[in-house]
Structures are given as structure tokens and as C-alpha cells.
Amino acid sequence: MSLSPPDANRAVEARGQLYCDGAEAPRRVDLRLGDTLQIFENGAFVSAWALADVRRVGSASGPLRIRALTAPPKAWCEISDAAAVAAVRQRCRLLEGDVQEKREARWRIAAIATSGVVVIAALVWIVIPAIADRLAPLVPAGVEKQIGAAADSQARSRFKGGACVSPAGEAALGKLVDKLKVLAGIPLDVQVGVLASPVQNAFALPGGRVYLLRGLIESAQSPDELAGVLAHEFGHVAHRDGLRAALREGGAALAIGVVTGGAFGAGAISAAARASLSAAYSREAETQADDFAAAVLTKAGRPARALGDILKRIEAQEGSTPLDFLRDHPLTRDRQDRLENETTQATGEPLLSAGDWLALRAICSR
Ligand SMILES: [Zn+2]
């Protein structure tokens, strides 16, 4: 045999409970708990309390003493009938009053905060890296320039030798860069500098600044090889690869900084700059930059495989770092094959005269 569960909406009655109307001495009443708590005295209706208005007063142990927000301030009712106590506890949702409301509010706030954290975490680790390529075009050029400027000072601080500024060398470099800009055929706002480092490397920063390191210039055997490396870096600039890398790595900080602006924006710019220096380019970005360089050299009537030649020479050396600074994107076999298959012959004018080439090679000597 089993008892059927009590019906939550069935009226519960309790006789002989204690009631005080706040004015006279407490007296015995009968209670009827349905949609409201009704109080009867000797069969005559006395009062009805809305269940949402009922609050507990006094200690939690012993008979349950309650009051109603809408009843006279000193009125109370004391229930000792166990079934009625259970029904009041079950049906009067705000019996514990402020404490209960505050607890519920705290839970609501905690739930909202937790969901906010989850959303931000998802943005940081999943969404932004995945859509970095789509976000890049939305970043204003001015913000990209700021990231580039911050990355520039961070990069320069890594190379204690400073910039190479021999006038003849700079003039020769300027000639080469100007030719490549025209050949690239896009409004590239690039500035090229040389840093006095023996490392055989080159890199592009967000916003268009490109650096050649002294070691790379010294290892180049022809203007074509150097032009190939420069055009490869121009390809990264054109495709905003530094910015894309920064968005992938420092995406959340940058995105929040761009949105909020102000002081936090400066921190975000700095974080994005760091990210742009350390983040690796994708293999697709590398291949794209190689193709860009090959197209520029071909347009100049110069052998595009010159880029492959210098990359192979650099990579063959022990302890070398991959091109583009500290990025982890070695010259893979397929990249090498693509470059070696370039069969353009040297049909165009040399990109630099012999004199300019010598001056450029000596740009870091005083
Ligand atoms: Zn590259």
C-alpha cells in the first residue's frame, strides 16, 4: 500500500493555532492555507494573508511564528501543527524574507557573472583566434599604425646596435624600395630601415615598417636576392599579416582595447605589439608572401628564384632563425620547390647600379 503524495495545491487546515492581531492578547484560531492563509476565530473570518507577504519572525526552531507585510505591524501567527508548518514552508516562497531575496539575487548575479566569464573566455581562446583574419580588415589603419609604432620600439630595443644610417647606403636602399613599391602596384605605405645586427633576417611590423638586419644584407649576393626578401616582407605588409598574427595572439586585449579606448587601449596596443613580434605567421601567409615577391620580381624582369636562393643559403646555416624575425615558419620543402621552379630570366634592367649596390652593402659601416 502506498500513500499518494500530498497535493501541493490542496488546502491545509490547522485548528487551535495561536494568533495575535497586534492589539489584543493572543488567542486560538483556525487556519486554512489555500491560495491565501485564512484565519478564522470560532468559525468567523478574521483575516487573509497573501502567501507572498508571509515572513517568518523569531527563531527558526520551535513553533513557526509568521507575520504578513500587509497585516498590522505587531500581528503574528504561531503555527505548531506539523502539516501546516510544512505547507507554509513549501508555499510561502519568501518566508525567509530579505535573506532569501538577497540569496536569490546573489545567485542570479553569480549566474550572470559566470556566463559573462564563459563568454569572454570563449572570445579569448576560441572565437577571436578563429576569426582573426576577418577581424583584421575591421581594425582602423590608425590603430594598426599605433601597434606598429609600439612594436617598432620593442623591436629596436632588442637590437642594441641601433639603426644603420650611412647617407649613401640609405640613398641606395631608397632607390630599391621605391622601385619595388611601384612594381608592387598597391598603395603600400612602407618604410624600410636597417638595424646593425649580425643576424641574417628581416621582418615586417604591423602598419608597414620593414627592417632588414645587417647580417641579411651582407649575405645577399645580388640586388635581386635582397629585393626578393624585401618584396616578401612587402607581401606580409600588404596582407596585414603582422596585424593578423597580433589579433590571433593578443586578440582579446586588442579587441577590448579598441572598443574601450583610453588608458586601457594603450595597454592593449602594447600587448598586441608584443604579440605581433612573437606570433608565427601561418604557412598560407608565407606562401602568399613568396608568391607576392615572385610576382614583383617577375614584373621587374628579374629572376624570382633569387628569393629561394638567399632563403636556402640562410637556412642552411647552423643556428639560423627563420626569416621574419623570431617567427616559426621555416622554408618548407614545398615553399622551396615553388621558388626554385620560378624560371624568369633576367630580362629587365638591374634593380641597382653596381655603385648603389656597394653603397647599400656598406650601409652599416661608417
Ligand atoms: Zn615571411
**OP:** Starting from the Cα-Cα distance between Ser115 and Ala44, subtract it from 0.36 nm times their residue separation and give me the gain in nm to one decimal.
**Re:** 20.2 nm
Subject >> Whether the stretch 157-253 is rounded, prolate or oblate, judged on the alpha carbon gyration tensor where a/c under 1.5 counts as rounded >> reply: oblate
**OP:** Would you pull out the residues with amide H under 5 Å of Val139's amide H, same chain only if 5 or more places away, H placed 1.01 Å from N?
**Re:** none
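Among 84-97, 289-302, what's the highest-first ranking by average C-beta atoms within 10 angstrom per residue?
Ranked from most to least packed, the peptides come out as 289-302, 84-97.
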Subject >> Value in Å of the Kirkwood radius, where the stretch 41-91 supplies the Cα pairs that are averaged >> reply: 11.7 Å
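Can you tell me the order of 152-161, 239-248, 351-360 when each peptide is scored by its average per-residue count of other Cβ atoms within 10 angstrom, highest first?
239-248, 351-360, 152-161
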Subject >> Amide hydrogen neighbours beyond the local backbone of Val46, cut-off 5 Å, H modeled >> reply: Ile39, Phe40, Glu41
**OP:** Loop only per DSSP, at most 14 neighbouring Cβ atoms within 10 Å: give me the trypsin sites (Lys or Arg not before Pro) in the stretch 6-80, ordered by residue number.
**Re:** Arg10, Lys74
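Every number here is computed from the coordinates shown, using simple stated rules; none is lab data. Not measured: the values here are computed from a predicted model. We place every Cβ from the backbone using ideal geometry, glycine too, and count neighbours over all the protein chains shown.
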